[in-house]
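Here is the structure we will look at.
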Amino acid sequence: MSTLELTERIRQRAARIAVIGQGYVGLPLAIEFARAGFTVAGLDTDLDRVGVLNAGRSYTPDVSSADLATVLEAGRYEATADGAVLEHSDVVIICVPTPLRKSKDPDISFVVAAAEQVAAGFRPGQLVVLESTSYPGTTEELLLPMFEARGARVGVNFFLAFSPERIDPANTAFKVRDIAKIVGGVTPDCTRLAALLYRQIVGTVTEVSSAKVAELAKLYENVFRNVNIALANEFALMCRRLEVNSREVIEAAATKPFGFLPFYPGPGIGGHCIAVDPFYLAWKMRQNGYEARFIRLADEINRAMPEHVVDLTIEALNQQRRCLNGARILALGVAYKRGVGDTRESPALEVLARFHEHGADVSYADPHVPSVLLDGTVLKAVGATDGNVADADCVVILTDHPEFDYARIVDVAKLVVDARNATWGLATPPGRVVRL
């Protein structure tokens with residue numbers, strides 16, 4: 001297929017698209033292309049997930065089962081585990097996980113496996129886009145040689161680009177179609193084709209000069225958030241020593257209409273991006289003989305926050321002549337953020353583990369997470385009922401899910417440690433609520 005043919009197929013929305021990975025990034029993207037009229041194959045290695053999706057049941061808050069059912073019935077979307085669909089696809093978009101190893105070095109094994117699979121079935125005229133966050137240089141240094149080894153000539157009979165995912169799970173204000181895309185190709189034609197593709201579903205597409213610029217843009221977005229969250233966390237520690245509520249100070253500063261962006265403290269950082277992405281950049285810079293000092297310092301501060309929450313709880317219990325050892329602790333929320341069931345890198349899990357190490361009797365409530373593994377034992381969620389709240393020696397708010405009735409919890413609980421400022425603005429009896 002020629003460049004002109006692929007261009008026309010994209011414009012007419014006749015191009016066949018395969019999205020590798022049907023997780024929190026790949027599924028919303030695939031459904032959005034299907035809603036726009038493209039025929040989309042959602043490729044995933046999880047057979048259970050494939051079956052659930054083809055039955056019309058969505059597992060993520062970012063895609064409704066109704067929308068999924070609509071594109072399934074129209075024949076514009078199908079989930080599959082059969083890699084043969086790649087050979088018949090005009091466009092392949094890679095949306096697979098990029099976690100960290102225990103050493104905090106990048107684990108790009110999922111990207112490598114996906115790219116090798118695509119390259120093995122490469123046919124002339126394909127556009128391949130990597131959306132998975134990775135270190136700068138991944139697209140050109142890792143993916144491109146795989147295709148060139150099979151006779152692909154980039155910008156001539158093969159087109160390769162990077163366009164970072166920007167999904168914010170459970171954010172109802174910003175869906176795929178609402179979030180501006182960045183596109184950087186290996187050649188100008190690669191950039192142009194990838195930008196044309198995304199303009200079919202997104203209002204604003206920014207073209208940058210290279211794939212490496214696009215890769216760095218995504219990393220910088222999350223380094224920015226990581227560093228500023230660390231600043232907010234350290235500021236909370238300072239305010240506590242000054243006997244001032246940090247939330248009040250931050251909200252006062254946020255009244256300035258320019259030059260300030262509010263970030264708020266919490267029990268640590270977690271999730272798929274902020275806790276992971278900065279280390280992809282730090283790792284790459286170490287390969288270039290440079291130490292990313294802000295990233296290292298932010299990590300030190302953020303990693304210390306779970307222990308700080310434990311210390312706050314110990315101090316609060318001591319004020320009531322109790323100790324953590326043997327205390328009944330009810331944690332509210334174990335997901336990394338409100339409104340989702342994602343526990344990846346969640347600081348709440350570390351807090352629970354520390355409570356357990358100190359001899360506490362730990363339980364948790366989370367409407368989105370039915371069970372977690374705590375020190376090798378499966379812990380099942382309980383309800384945030386009046387009885388469970390009243391029975392606890394201390395209720396610790398680790399994730400500010402909207403389902404929790406915080407006013408009622410404050411009324412019923414003996415003691416509350418609020419690591420998310422979820423009780424901000426509520427009238428609280430003296431000594432009963434301790435905020436981060």
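Every number in this text was worked out from the coordinates using simple rules, so none of it is lab data. On a predicted model such as this, the values are computed, not experimentally measured, just so you know. For neighbour counting, all protein chains shown are included, and Cβ atoms are generated from backbone atoms with ideal geometry for every residue, glycine included.
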Distance (nanometres) between label positions extended 7 Å along Cα→Cβ at ARG177 and ALA14: 2.4
Exposure proxy check: ARG303, ARG241 ranked by fewest other beta carbons within 10 Å? ARG241, ARG303
Applying the gyration tensor rule to the Cα atoms of region 351-429 (axes a ≥ b ≥ c; rounded if a/c under 1.5, else prolate if a/b exceeds b/c, else oblate), the class is prolate
Put +1 on the Cβ of every Lys and Arg and -1 on every Asp and Glu Cβ in the chain; which of GLY333, VAL417, VAL213 then has its Cα farthest towards the positive end of the dipole? VAL213
Near the amide H of VAL128, under 5 Å away, which other amide H atoms are found, from residues 5 or more places off or on another chain, if H is placed in the peptide plane? VAL92, PHE159, LEU160, ALA161
Per-residue ellipticity at 222 nm attributable to helices in the chain (runs of n ≥ 4 DSSP H, -39500 (n - 2.57) apiece, nearest 500 deg cm²/dmol) works out to -12000 deg cm²/dmol
Classify region 271-332 as rounded, prolate or oblate from the Cα gyration tensor: take a ≥ b ≥ c as the square roots of its eigenvalues, call it rounded if a/c is under 1.5, otherwise prolate when a/b beats b/c and oblate if not. prolate
Taking the square root of 5λ for each eigenvalue of the C-alpha gyration tensor of the chain, the equivalent ellipsoid has semi-axes, largest first and in whole angstrom, of 44, 24, 19
Which order results if VAL223, VAL202, VAL128 are arranged by neighbouring Cβ count within 10 Å, fewest first? VAL202, VAL223, VAL128
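Determine the gain in length on full extension of the stretch LEU374-VAL112; use 0.36 nm per residue of separation and subtract their C-alpha separation, reporting nm with one decimal.
Between LEU374 and VAL112, full extension yields an extra 91.2 nm.
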From zero up to wherever the largest Cα-Cα distance of region 46-104 sits, split into 5 Å bins and tell me the percent of pairs in each. 4, 15, 19, 21, 21, 10, 6, 3, 1, 0
Pull up all non-local amide H partners of VAL433: gap of 5 or more, or a different chain, and H-to-H distance under 5 Å with H placed in the peptide plane. VAL416
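For the chain, what proportion of DSSP beta bridges, expressed in % and rounded to the nearest 5, is antiparallel?
Numbers: 7 of 48 bridges.
The answer is about 15 percent antiparallel.
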What per residue convex hull volume, in Å³, do the alpha-carbon atoms of region 277-374 yield? 120
Full extension between LEU261 and GLU87 adds, at 0.36 nm per residue less the Cα distance, a length in nm of 58.0 nm
Compute a Gaussian network model of the chain, connecting alpha carbons closer than 10 Å, and tell me which residue from ASN245, ASN302, ASN233 fluctuates the most. ASN245
Contour minus Cα-Cα span, GLU141 to GLU300, at 0.36 nm per residue, comes to 54.1 nm
Listing HIS308, HIS88 from the residue with the fewest other Cβ atoms within 10 Å to the one with the most, what is the order? HIS88, HIS308
Specify which residue in the list VAL63, PHE162, LEU261 is farthest towards the positive end of the charge dipole of the chain, using unit charges on the beta carbon of Lys, Arg (+1) and Asp, Glu (-1), about the Cα centre. LEU261
So what's the gap between the Cα centers of region 200-225 and region 135-172, to the nearest angstrom? 13
Cα-projected label distance for ASP361 with ASN245, points at 7 Å along beta-carbon direction, nm: 3.3
Short version: ³J(HN,Hα) in whole Hz for each residue of region 94-107, in order, from phi by Karplus 6.51 cos²θ - 1.76 cosθ + 1.60 (θ = phi - 60°), x for Gly and Pro, what are they? 9, 10, 10, x, 10, x, 10, 6, 4, 7, 6, 8, x, 10
So, by mean Cβ neighbours within 10 angstrom, what's the order for 60-67, 215-222, 330-337, 177-184 with the highest one leading? 330-337, 215-222, 177-184, 60-67
I want to check the label-to-label distance for ALA252 and ARG123. Put each point 7 Å from Cα in the C-beta direction and report it in nm to one decimal. 6.6
